[in-house]
Amino acid sequence: MTGPLDGIRVLDVSTILAGPLVAQILGDFGADVVKIEHPSKPDGMRGHGLDKDGHPLWWTMVSRNKRGLTLNLGNPDGAEVFKRLVADVDVVVENFRPGTFERWGLGYDVLSAINPGLILLRVTGFGQTGPYATRPAFGTLVESMSGFAHLTGEADGPPTLPAFGLADSLAGIAGSSAVSMALLHRHKTGRGQEIDLDLLSPIMTAVGPGVIYADQLGIDQERTGNRSTNNAPRNLYRTKDGHWLAISTSANSIAERVLRLVGHPEVLDEPWFATGRQRAAHADLLDDYVGGWIGERTRDEVIAAFEDAGAAVAPVYKPSELLDDPQVTAIEMVTTVDDEDLGPVRMQNVMWRMGESPGSIRHTGRAHGADTDEILAESGYSAEEIVRLREVGAV
C-alpha cells in the first residue's frame with residue numbers, strides 16, 4: 001500500500017522545525033516530498049542535535065521520505081525553476097519571514113496564477129499579519145507566551161521551558177492536519193488556498209482553558225509542580241528501588257480504585273472525594289497515602305498491583321527504556337529503517353495506524369541535494385540546462 005497521499009506532490013522549503021515536520025508527516029503517508037535547500041547553505045536542521053560519525057541523527061528522522069534538491073530562491077533563475085516546479089505540485093510548505101516570498105516574486109498571487117489548485121502553507125512565529133508578524137521567532141518564545149512556561153515547574157520555582165521542540169512539534173502536527181483539510185476542500189471545489197499557521201496558536205490550544213478562565217473568572221492558573229488542579233491523586237511518586245511512576249485519577253472510578261489499593265477506602269465516603277477538583281484541594285493528604293504506599297514497593301510491584309486493580313499508572317522512562325517497552329514494541333511505535341550511512345536505525349514510526357491506507361517510512365534523510373538532477377529532469381530540464389543553472393548559482 002502506498003498511503004492515502006499517494007500522488008500528492010509537496011515542495012518543502014521550510015527549516016527548523018515545524019515546517020519540516022509537516023512535510024515529514026505528509027511524506028509518511030505517501031506524498032512525494034521534495035526538500036529544497038540553498039546550494040551553499042544546507043538546512044540548519046542538519047546541525048541540530050547529536051550526530052554519529054558526522055551524520056546528523058535528527059535530520060535522518062525528520063527528513064525521511066523526502067528527496068533532496070538544491071535551489072536558490074533568491075536567484076532570479078532559481079525563482080524561475082521554482083515556478084516551473086510549482087506548476088506540477090499540490091503543496092508548498094515555507095516558513096520564511098512574511099514578505100520574503102513576495103520579495104522574490106513568489107507570493108501566492110504569482111504561484112496560484114501558475115497553479116490555481118496550489119496549497120501554500122506558511123508557517124511563522126506569529127502569523128503573516130499583525131504587529132509581531134516580522135519579528136524573529138522560535139518555539140522557545142511562543143512556549144513562553146502561550147502560558148506553557150508559566151504553568152510548568154514547581155509552585156515556588158521559576159517558569160520552566162521544555163527541553164525539546166514542543167511548540168514546533170505541535171505546529172507541525174497541526175500543519176499536516178491543515179494541509180489535509182485544504183486538500184479535501186480542493187477535492188470538493190477545485191481551488192487551492194493559502195494557509196497562515198503561526199507557532200503560538202497550537203500550543204495555546206494544548207495549554208488548555210487558561211484563556212477562558214482569565215476572561216470569565218479573572219483567574220490566572222499558577223504552577224502546581226506535578227500536581228493538577230483538576231484531579232488528585234495526580235503526581236510523580238518514587239518507588240522503593242529508586243524509579244518514578246506517574247499516576248492520574250481523572251476518572252472518579254480510578255481514584256476510588258487507587259485509594260482502595262493503597263489501604264485508605266475510608267476517604268471514599270468524604271464529601272470532597274466526589275469530584276476531581278475537590279480531591280485536588282486535598283492533594284497533600286492523598287499524596288501522603290499514595291506516596292507512602294508506593295515508596296515501600298518496587299516499580300514492578302507497583303505496576304503489577306495497579307494493573308490488577310484496574311488503576312492507571314505509567315513509569316517515567318528514559319528513551320532507552322521506551323525502546324524496550326512491550327506495548328511500544330507490540331504495535332511498532334518505534335521501527336527500524338535502513339540508512340545508507342548509518343545502517344539500521346530505530347526511530348519513531350508513523351503517528352497513526354490506518355487500516356486501509358497506512359503510512360510507511362521508505363528511506364531516511366538524504367544528503368544535501370542528492371536528487372537535484374533527477375528532480376529537474378522530471379520537470380523537463382536538459383543536462384545542459386542543469387549545468388547552466390549550476391554555473392549561475394541557481395541550483
Checking segment 319-395 for trypsin sites (Lys or Arg not before Pro) in a loop per DSSP with at most 16 other beta-carbon atoms within 10 Å yields Arg353, Arg362
Applied in sequence order to segment 256-264, the curve 6.51 cos²θ - 1.76 cosθ + 1.60 (Karplus, θ = phi - 60°) yields integer Hz couplings, x standing for Gly and Pro, of 4, 5, 5, 5, 5, 4, 8, x, 10
Quick one: longest stretch of the chain between exposed loop GluC sites (Glu not before Pro), exposed meaning at most 13 other C-beta atoms within 10 Å and loop per DSSP? 1-153
The chain, Gaussian network, Cα under 10 Å: of Val34, Val258, Val93, the residue fluctuating most is Val258
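Among 287-293, 126-132, how do they line up from the highest to the lowest mean number of other beta-carbon atoms within 10 Å?
On the way: 287-293: 16.9, 126-132: 13.7.
Taking the mean over residues of other Cβ atoms within 10 Å, the ranking is 287-293, 126-132.
Quick one: of the DSSP bridges fully inside segment 119-260, what percent are antiparallel, nearest 5?
40
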Which value, in debye to the nearest 20, describes the size of the charge dipole of the chain about its Cα centre when Lys and Arg Cβ atoms bear +1, Asp and Glu Cβ atoms bear -1, and nothing else is charged? 580
What residues qualify as long-range amide H neighbours of Val33, i.e. H under 5 Å apart, gap of 5 or more or another chain, H built at 1.01 Å from N? Val10, Arg67
Check which residues have an amide H placed less than 5 Å from Leu236's amide H, if you skip close sequence neighbours. none
Amide H neighbours of Val92 at under 5 Å, excluding residues fewer than 5 places away on the same chain, with H built from the backbone geometry, are Leu11, Ile119, Leu120, Leu121
Lysine pair number, Cα distance threshold 30 Å (strictly under), the chain, separation 8 or more or different chains: 14
I'd like the distance between the alpha-carbon centres of segment 3-23 and segment 116-139, rounded to an integer number of Å. 16
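Quickly estimate the mean residue ellipticity at 222 nm for the chain, helices only: each DSSP H run with n ≥ 4 gives -39500 (n - 2.57), and the total goes over all residues, rounded to 500. Please list the in-between numbers first.
Numbers: 18 runs with 154 residues, N = 395.
Calculated at 222 nm, the ellipticity per residue is -11000 deg cm²/dmol.
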Along the charge dipole of segment 111-207, pointing to its positive end and built from +1/-1 on Cβ of Lys, Arg, Asp and Glu, which listed residue (Asn115, Thr129, Leu141) has its Cα farthest out? Asn115
What list of ³J(HN,Hα) values in whole Hz, one per residue of segment 203-215 in order, does the Karplus curve 6.51 cos²θ - 1.76 cosθ + 1.60 (θ = phi - 60°) give from phi, with Gly and Pro shown as x? 6, 4, 5, 5, 5, x, x, x, 5, 6, 5, 5, 6
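Using the heavy atoms of the protein chains and a 1.4 angstrom probe, tell me the accessible area per residue for the chain in square angstrom. List each step's numbers first, then the result.
Values: 19760 Å² over 395 residues.
Counting only protein heavy atoms, the per-residue value for the chain is 50 Å².
Would you kindly give the portion of the calculated P(r) for the chain that falls above 33 Å, as a percent of all Cα pairs? Walk me through the intermediate numbers first.
On the way: 34457 of 77815 pairs.
Distances greater than 33 Å cover 44 percent of the Cα pairs.
At a Förster radius of 25 Å, what calculated FRET efficiency corresponds to the Cβ-Cβ distance of Arg362 and Asp88, to the nearest 0.05? All intermediate terms of the calculation are to be shown ahead of the outcome.
Details: r = 21 Å, r/R0 = 0.83.
E(calc), rounded to 0.05, equals 0.75.
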Determine the percent antiparallel among the DSSP beta bridges restricted to the chain, to the nearest 5. 40
For a quick check, take a GNM of the chain with Cα springs below 10 Å and name the residue from Asp284, Asp43, Asp373 with the largest mean-square fluctuation. Asp284
The chain: most fluctuating residue of Gln327, Gln193, Gln221 per GNM, C-alpha cutoff 10 Å: Gln327
Cα long-axis angle, helix 76-86 against the chain (0 to 90 degrees, to the nearest 10): 70
Which shape class, rounded, prolate or oblate, goes with segment 1-123 when its Cα gyration tensor gives a ≥ b ≥ c as root eigenvalues, a/c under 1.5 marks rounded, and past that a/b bigger than b/c marks prolate? oblate
Can you send over the carbon and sulfur percentage of the accessible area for the chain, probe radius 1.4 Å, protein chains only? 53
Could you go through segment 19-31 in sequence order and give the Karplus-derived ³J(HN,Hα) for each residue, using 6.51 cos²θ - 1.76 cosθ + 1.60 with θ = phi - 60°, rounded to whole Hz, and x for Gly and Pro? x, x, 5, 3, 5, 4, 5, 4, x, 4, 9, x, 5
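The values are calculated or read from the model by the stated rules, or taken from the named source; none is laboratory data. A quick note: this is a predicted structure, and the numbers were derived from the prediction, not measured. Positions of Cβ are generated from backbone atoms using ideal geometry, with glycine treated the same way; all protein chains shown enter the neighbour counts. Quick note on the areas: whole protein, heavy atoms, side chains included, nothing else; ligands and nucleic acids left out. Shrake-Rupley method; radii C 1.70, N 1.55, O 1.52, S 1.80 Å.
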